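J.: To start, I am sharing the structure in question, which I have written as structure tokens.
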Amino acid sequence: MQKRMSDIVFEGLLRIADDNLILGHRTSEWCGHAPTLEEDLALPNIALDLIGHAQALYALACEVKTEYKNEDALAFLRLEHEYKNLLLVEQENGHFGNTVLRLFYFSTFMKYFWSSVKEQCCFEKLKNFSEKAVLETSYHSQYASQWVVTLGDGTEDSNKKMSDAVLKLEPFLGELFNNDDFTKECFQKKFLPEPLSLFDKWKAEVKLVFTKANLDLPYITLKKRGGRKGEHSEAFGYLLTDLQYMQRTFPNSSW
Amino acid sequence: MTMRKNTEKAWDALRELTDPELPFLTLNDLGVIRDIKIRQDNYIVTIAPTYIGCPALSVIEDRITSELKKVGIEASIEKSFSPPWSSDWISESGRKKMEEFGISPPLLKDRRSSGDAVSKKVKCPQCLSSETEKVSEFGSTACKSLYRCLDCKEPFDHFKCV
């Protein structure tokens, strides 16, 4: 059965918004815990950007489908299986190096994602949004890449920790580039790019940074997936209890 | 004619409205208010957020609508990301005020893209030395990064160039 365009736009926006919200939440967990004061400013700032992107995308999603009252309803009041984010972004932070490596992978991907949306997207409002988003994700990618090089090309210990982080995140990268029936449909309708089409550019950039960082490239195959279908890992349940606490305890509370 | 008069009244009402995070700058100094128009008797104020996730955004929206209400205008706000807000839109007086307040203003586009390394240097707002270094990509707010002066040793905020 052919899906209606509004359903496609809604689901497509939800996937990207959920990725940003959940990584934003994870990143915000560093607030007050980062290794230096500067990083304690940087990470919550990035978290704000990511959550800001999520908020804007949820707002667009509410415009195309009116069954959710507002962006808060989408962010805070859905059940676990209704979130469509990647497994990559919901994993626990691990150490600082692990956190910046994941941010580097994700923001570099999003940078190319938004440039592609900017080039070609039938949904005018998302196309407008992408012009700004491409600048902000480039900044995140730039910030994270500097840390990957600093730590990878640092001491023997920091290099070892970064190499471990590469292995730890490796199983989750396949899902980032996985084309499925839905991404195909989005592409055919000229709405969103197919993830795999961004792989070559992404890999070239990761390779450049990893060479400077003395790190081996990850071997990417489709190992772990499920997030796009709402099948999440154990860590996600704990994350949601934290994220949704205020709205569940004090329903409809607002600032 | 009346329409132009009415939007002028709205522009006037918003002229002195300041930014919540940079209270010494007006929203006009920052170039955040892009357009005011009347569509079917409704006032639409278009703003270009400096950052998508800027936490001051809802305060800015509230301030605009309540300021307009004072002069009898009901308005709604529309956000625009295209063209994306640029630090080049900050007015000359805005850049001056920034410097007086100890924040180094963003470099203009032609200087950013020039190959000349000296003109790309960020100047210390305290002693005006060009011997400075970046401490962190991110400062006290999303729109600033953190620098240090190598001459007077003072740390300072530099407004990011975007």
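J.: How big is D, in µm² s⁻¹, for the range B:91-159 by Stokes-Einstein at 20 °C and 1.002 mPa s if Rh is the Kirkwood radius over C-alpha pairs?
T.: This corresponds to a translational diffusion coefficient of 176 µm²/s.
J.: Taking each full run of DSSP H in chain A as one helix, which ones are at least 24 Å long along their axis (Cα atoms) and have mean Kyte-Doolittle hydropathy of at least -1.0?
T.: Correct list, ordered by number: A:5-28, A:37-64, A:96-119, A:124-152.
J.: I'm a student and want to see the number: the projected area of the Cα convex hull of the range A:107-151, averaged over all directions, in nm².
T.: One quarter of the hull surface, i.e. the mean projection, equals 2.7 nm².
J.: How high is the relative contact order of the range B:91-159, in percent, counting Cα pairs under 8 Å that sit 6 or more residues apart?
T.: Normalised by residue count, the contact order of the range B:91-159 is 27 percent.
J.: Based on alpha-carbon centroids, what's the gap between the range A:178-255 and the range A:8-25 in Å, whole number please?
T.: The distance from the Cα centre of the range A:178-255 to that of the range A:8-25 comes to 9 Å.
J.: Go through the range A:67-79 residue by residue and turn each phi into a ³J(HN,Hα) via Karplus (6.51, -1.76, 1.60, θ = phi - 60°); whole Hz please, and just put x for glycine and proline.
T.: These are the phi-based 3J(HN,Hα) values: 6, 9, 5, 7, 5, 5, 4, 6, 6, 10, 10, 8, 8 Hz.
J.: Still on this structure, I have one more. Which net charge results for the neighbourhood of A:SER233, defined as the other residues with beta-carbon distances under 12 angstrom from its beta-carbon, given Lys and Arg at +1 and Asp and Glu at -1?
T.: With Lys, Arg at +1 and Asp, Glu at -1, the net is -4.
J.: Give, rounded to the nearest 20 debye, the magnitude of the charge dipole that the range B:2-79 has about its Cα centre when Lys and Arg contribute +1 at Cβ and Asp and Glu contribute -1 at Cβ.
T.: 300
J.: Among residues other than A:LYS69 whose Cβ falls under 14 Å from its Cβ, what is the net charge (Lys/Arg +1, Asp/Glu -1)?
T.: So the environment of A:LYS69 carries a net charge of -2.
J.: Exposure proxy check: A:CYS122, B:CYS54 ranked by fewest other beta carbons within 10 Å?
T.: So the ranking, lowest neighbour count to highest, is A:CYS122, B:CYS54.
J.: Now for a separate question. Got the relative contact order for the range A:1-77 handy, in percent, Cα pairs under 8 Å and 6 or more residues apart?
T.: 36
J.: Now for a different question. Per-residue mean of other chain beta-carbon atoms within 10 angstrom of the beta-carbon, peptide B:46-59?
T.: Per-residue shielding by partner chains comes out at 4.
J.: Pick from A:GLU11, A:GLU124, A:GLU67: which residue has the top mean-square fluctuation in a GNM of chain A where Cα pairs under 10 Å get a spring?
T.: Between A:GLU11, A:GLU124, A:GLU67, it is A:GLU67 that shows the largest mean-square fluctuation.
J.: Sticking with this one: Taking amide H atoms as placed 1.01 Å from N in the peptide plane, list the residues 5 or more away in sequence, or in a different chain, whose amide H sits under 5 Å from that of A:LYS223.
T.: Residues meeting the criterion, in which the H sits 1.01 Å from N, are A:GLY174, A:GLU175.
J.: Taking 0.36 nm per residue of separation and subtracting the Cα-Cα distance, what length does fully extending B:GLU8 through B:ARG39 add?
T.: 9.7 nm
J.: Please state, to two decimals, what the Cα-based radius of gyration of the range A:72-161 comes to when divided by 2.2 N^0.38 Å (N = residues).
T.: Expressed relative to 2.2 N^0.38 Å, the Cα Rg reads 1.34.
J.: Quick check on the exposure proxy: order A:ASP18, B:ASP62, A:ASP157 from fewest to most C-beta atoms within 10 angstrom.
T.: A:ASP157, B:ASP62, A:ASP18
J.: If I histogram all Cα-Cα distances within the range A:32-87 using bins 5 Å wide from 0, what percent of pairs lands in each bin?
T.: 4, 17, 19, 20, 15, 12, 9, 4, 1
J.: Moving on to the next point. Mean-square fluctuation check for chain B, GNM, Cα pairs under 10 Å: which of B:PRO83, B:PRO20, B:PRO106 is largest?
T.: Between B:PRO83, B:PRO20, B:PRO106, it is B:PRO83 that shows the largest mean-square fluctuation.
J.: Return P(r) of the protein assembly as shown (all Cα-Cα pairs; 10 Å bins starting at 0; whole %; ordered from short to long distances).
T.: 4, 20, 30, 27, 15, 4, 0, 0
J.: Taking only C-alpha pairs under 8 Å that are 6+ residues apart, what is the relative contact order of the range A:5-249 in percent?
T.: 24 percent.
J.: What does the range A:5-249 give for Rg and for Dmax, in Å, if only its C-alpha atoms count?
T.: 17.3, 54
J.: Using the 10 angstrom Cβ neighbour count as an exposure proxy, how do A:LEU176, B:LEU108 rank, fewest first?
T.: Going from sparsest to densest Cβ surroundings: B:LEU108, A:LEU176.
J.: Here's something else I'd like to know. For chain B, give me every cysteine whose Cβ has no other Cys Cβ within less than 4.7 Å, ordered by residue number.
T.: Cysteines of chain B left without a disulfide-compatible partner: B:CYS54, B:CYS143, B:CYS161.
J.: Mind checking which aspartates and glutamates have their C-alpha under 13 Å from B:LYS70, skipping anything on the same chain fewer than 8 residues away?
T.: Partners found: B:ASP12, B:ASP62.
J.: Follow-up question, since we're still on this one. Rg and Dmax of chain B, using alpha carbons, in Å: what are they?
T.: Every Cα atom of chain B included, Rg and Dmax give 17.8, 58 Å.
FYI, it's all coordinate maths here, none of it is from the lab. Keep in mind it's a predicted model, so treat the numbers as computed, not measured. Don't worry about glycine lacking a Cβ; one is built from the backbone with ideal geometry, like all the others, and counts go over all protein chains shown.
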